[in-house]
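Beneath this line is the structure, given in structure tokens, with notes to follow.
The values are calculated or read from the model by the stated rules, or taken from the named source; none is laboratory data. Keep in mind it's a predicted model, so treat the numbers as computed, not measured. Counting neighbours? That spans all protein chains shown, and the Cβs are built from the backbone with ideal geometry, glycine included. These area figures cover heavy atoms from the full protein model, side chains too; ligands, DNA and RNA do not enter into them. Shrake-Rupley method; radii C 1.70, N 1.55, O 1.52, S 1.80 Å.
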Amino acid sequence: MTATDLGLPSIGGLDGVPTTEDKQTAKDFTSDQEVRWCPGCGDYAVLAAVRQFLPTLGIKRENTVFVSGIGCSSRFPYYLNTYGMHSIHGRAPTIATGLATSRPDLSVWVVTGDGDALSIGGNHLIHALRRNVNLKILLFNNRIYGLTKGQYSPTSEVGKVTKSTPMGSLDHPFNPISLALGAEATFVGRALDSDRKSLTSVLGAAAAHRGSALVEIFQDCPIFNDGSFDVLRKGENENRLIPVTHGEPIRFGAEGEDGLGSHAVVQKGFGLEVVEAASVDPSQIVVHDGGDHELAFALSRLSDQDLTHTVTGIFRQVERTTYDDAARAQVQQAKDAANGEADLQKLLDGRDTWTIVA
Amino acid sequence: MTTSDTPVETRDSQVVQRDRVVIRFAGDSGDGMQLTGDRFTSETANFGNDLSTLPNFPAEIRAPSGTLPGVSSFQLHFANYDILTPGDRPDVLVAMNPAALKANIADLPQGGVLIVNTDEFTKRNLTKVGYEANPLEDDSLEDRYAVHGVAMATLTRGALEETGLSKKDAERSKNMFALGLLSWMYHRPSESTERFLREKFAKRPDLAEANILAFRAGHAYGETTEAFAVTYEVAPAKLAPGTYRQITGNTALSYGLVAAGRTTGLPVFLGSYPITPASDILHELSKHKAFGVTTFQAEDEISGVGAALGAAFGGALGVTTTSGPGVALKAETVGLGVALELPLLVIDVQRGGPSTGLPTKTEQADLLQAMFGRNGEAPLPIIAPCTPGDCFAAAVEAAAIAVKYRTPVMVLSDGALANGSEPWKVPDADSLQPVDPGFATEPNAPDGSGEFWPYLRDQDTLARPWAIPGTAGLEHRIGGLEKADGRGSISYDPDNHDRMVRLRQAKIDGIEVPDLVVDDPHGDADMLVIGWGSTYGPINAAARRVRTLGHHVATVQIRNLNPMPANLGEVLGSYSTVLCPEMNLGQLAMLLRAKHLVDVKSYTKVAGLPFGAEELQDVFLDYLTGTHPHATHAATNGAQA
Ligand code: SF4
């Protein structure tokens, strides 16, 4: 889905970023740094997908910037041959906000994790989303602290036994999608690390979106939280994974006679529920609408976070003026009012001066 | 009034000439004393006197009315010669209510003029602040001071009868009545105040008129009432030739940042979170977007500096403004800036600490935080302006150093500079020194590989190249992890880390700063008084006093606190006594002792108020005459009261 699908104005997330006709490949976007994640880490799949995906944007590589915080996934910028900054824990959205606001010619990406974005950097995440700064936030959610060697995270399930919680964790986890929606995010999507096709499609839509885009990526940490998303990958996943597409009825599961999924999402009270598609009249099946805030919220809470029902794709995509566009417009407006060249001497003099002669 | 005055009877026996006058307006927080003081200051600046001001107000926006904690005051010192401080004690105290009287009367010297708004001296208001009897009705005040009781609220109400304003609204203009009266007393020009009121209340012309009427009524009251038989003239000061205006430290600092955008040719990006007493810089800069200034009010202090650093990565002049508690929160990001070696300005308008401390009061206890308040060896340059007007030059200089050396720079202002004001010789905008940001445009690898090495340093400055996103061929990654010298890839190599730590230190140590210039008019002083920041005024005012008494004393101001001037050691070694007065417990003294093994004597005060000239004069005299208990001892413990 792109912005045009929703009938949004043509200003896209990459407008103002210089394009190139040169053919670019994944290799061009690969830096000389040796990748140092653990074998089998889900980060590898995401990195490969991003390296494949970036050249398709057709923008100049030097106008692409990745900013990260701290955590395993935050090493990401080192492995891309773009501009990059590996910053400090939780603060990447603040740095990206300053960069994106002062440089409309850049495509700015934030790479963060569940600890980085939702624990130490929670405040910055929600404010970046509400401001709708034109940046793309990739939230690698592995539901564990990897870099510090295996403590529970703010997305770990209650009762998680880890080094810091030998008797089980006590605190209720965040639902990152609900949180982002609650923070007034204009673009909220989710994908699975290993599902390159849908991951790439969500990333493409995020890049084309003007404003803050949050993409939650379920990422496996085989060292400290092995197989945490396996139920979504294996054979029995059909009834768990619910890919949604704007404008299409929400059907999923094994293909039925009509070529659509065996299961469907219908309205129940103020929420949603999953039923067998055959058991309801097709008119009752919810048609996904990325502009419907309530629907997006309901989809984010279709089941507990036990992965029983896991929606992927784009929950929400709406148009709202971005902070950085508006901030630059104000500067321009003030410059125009001063006919281009504000007079520094006049400012320094102020209104009331007096002169002392020699 | 004061010893240095020479009252001269003029042909009109009603007018007395004064060299200098100190006036203090004091009232309830809601009485508009700061505005009154500001206006009197503007009138005085327009008249051409030298001046210095000290606003003093509670942290609460509306402290309980009529109480002692709710008292707000504004002191103004003006003269026909150049002065250095807002004055120790007022010659004239204007007290708008019993609380203001009680809180300030102890500072009024015997014989001083006391002007009181009698309307507020009700039984209830008197009891509220612990007066058992009305001090205006016994002789306790009359015996010591020249007391003028004026029913300001009643008179203002009378003057505004025609306006149709409610009694309460009309009375709110009584501060302008007081201003009118004092303006008459001191022959202040009044046009600018009337113009100011018309502009301030442009949307409420009725209020503008009311305030102007009250102001004129105060003026007329002075003229027509026999109670005020004498008026005073303070001739314009003979300052160095030039064009002057009145300016506060925060305004000067804001203008300095705008000017730094000009000198560096970079767009200014301010990331800031509101905090007293620095917020006015955010307010001021947000008015100057026409100069290409972007202001970002962040969600917190950390975000403010983070956004500024992100903008700097993109090639902007990144600035963050705050006070001590904010510096603590920003420390990790400033440390990142040290590792990234990107230009960044961190403005700390110091206030009383620790913790929330005294938000509206001044202190200079963040020096060691600025020097060392980050993890690891994370040196950065520090500049401390010494007067309100000097905040302009400090900001311009800080930007030049930040850009030239690719480093965060800290500017240490304080509450006294920020809110205090003085006449400022307006600089010529065209004469400001340009700074070339010198962005990298070409690969620089010494091995001819055509790669870009982000940590390959300039041999002279040790600065690394600043390659901004959008520059083809220079794509690179930086971050908080230690980087390999030159190449800039992640490095855990022990020798490399040792080298990088020393290189970062050497870069800061090598920054060129001007030598100290000692002020020693006699040329043979044995005692040196060393100061930094806003203590400049009181130190030099006190030095003048002791010199007038026949003593020889030298003074010097350290404006560059890191690195310190190259001749500092030589200067310190040239005097048998070195005294360092500070509004902390001896932080600079500690640094000087540690670095130069000189037995620096420390005089300290942390009362939330600047030193008084008289107070320092006494300390200097104690040392000069050998009567100070520490004057003859080999060492002090650094923290005497
Ligand atoms: S600890 Fe987990 S998340 Fe981190 S690199 Fe290893 S596998 Fe990946």
Discussion item. Test of understanding: extend the Cα→C-beta vector of B:LYS287 to 7 Å, then name every residue of segment B:211-249 with backbone N under 20 Å from that spot.
Written reply: B:244-249
Item to complete: Using a 1.4 angstrom probe, figure out how much accessible area segment B:429-551 has per residue, in square angstrom, rounded to the nearest whole.
Response: 47 Å²
Item to complete: Quote to one decimal, in nm, the extra length available between A:GLN33 and A:THR355 on full extension: 0.36 nm per residue of separation minus the C-alpha distance between them.
Response: 109.6 nm
Worksheet item: Which whole number gives the average count of other chain Cβ atoms within 10 Å of the Cβ atoms across peptide B:46-58?
Response: 1
Discussion item. Give me a comma-separated list of calculated 3J(HN,Hα) values for segment B:451-458, in order, Karplus coefficients 6.51, -1.76, 1.60 applied at θ = phi - 60°, integers in Hz, x for any Gly or Pro.
Written reply: 8, 10, 9, x, 10, 7, 8, 5
Worksheet item: How far, in nm, would the chain grow between B:GLU191 and B:VAL15 when pulled straight, counting 0.36 nm per residue and subtracting the alpha carbon separation?
Response: 61.2 nm
Worksheet item: Taking a 1.4 Å probe, which of A:VAL287, B:VAL600 shows the most accessible area, and what order do the others take after it?
Response: A:VAL287, B:VAL600
Response to the item:
Inter-chain shielding metric for A:67-74, i.e. average beta-carbon neighbours from other chains within 10 angstrom, reads 1
Worksheet item: In deg cm²/dmol and to the nearest 500, what is the mean residue ellipticity at 222 nm of chain B if only DSSP H runs of at least 4 residues count, each as -39500 (n - 2.57), divided by the residue total?
Response: -10500 deg cm²/dmol
Worksheet, complete the sentence: Tilt, helix A:196-208 to longest principal axis of chain A (alpha-carbon atoms), in degrees rounded to tens, equals 30 degrees
Discussion item. If I model a spin label at B:ASP622 and B:GLU199 as a point 7 Å from the Cα along the Cα→Cβ vector, what separation in nanometres do I get?
Written reply: 4.7 nm
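Longest segment of chain B with no trypsin sites (Lys or Arg not before Pro) in a DSSP loop having at most 15 other Cβ atoms within 10 Å?
On the way: sites that count: B:ARG11, B:ARG62, B:ARG144, B:LYS203, B:LYS238, B:LYS287.
No qualifying site falls inside B:288-641, the longest such stretch.
Loop sites only, by DSSP: take the trypsin sites (Lys or Arg not before Pro) in chain A that have at most 15 other C-beta atoms within 10 Å and name the longest stretch containing none of them.
A:37-148
Give the interface area between chains A and B as buried accessible surface, both sides summed, probe 1.4 Å, in Å² to the nearest 100. Before the final figure, lay out each step's value.
On the way: alone 17690 and 26410 Å², together 38760 Å².
So the buried area, both faces added, is about 5300 Å².
Applying 1/(1 + (r/R0)^6) with R0 = 56 Å to the Cβ-Cβ distance of A:ALA26 and B:ALA235, what FRET efficiency is obtained, to the nearest 0.05?
On the way: r = 79 Å, r/R0 = 1.41.
Calculated transfer efficiency: 0.10.
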Worksheet item: Would you list A:LEU260, A:LEU179 from the most to the least accessible area, probe 1.4 Å?
Response: A:LEU260, A:LEU179
Worksheet, complete the sentence: Simple spin-label estimate for B:GLU161/A:TYR44, 7 Å along Cα→Cβ, in nm, reads 9.4 nm
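Using only atoms on other chains, find how many Cβ atoms lie within 10 Å of each Cβ of peptide B:261-272 and report the average. Intermediate values should be presented prior to the final figure.
On the way: counts 1, 2, 1, 0, 0, 1, 3, 1, 5, 1, 5, 0.
Partner-chain Cβ atoms within 10 Å, mean over residues of B:261-272: 2.
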Fill in: Inter-probe distance in nm under a simple model that places probes 7 Å from Cα toward Cβ, at A:THR200 and A:LEU170
4.7 nm
Response to the item:
Judged on accessible area alone, 1.4 Å probe, highest first, A:GLU257, A:GLU248 line up as A:GLU257, A:GLU248
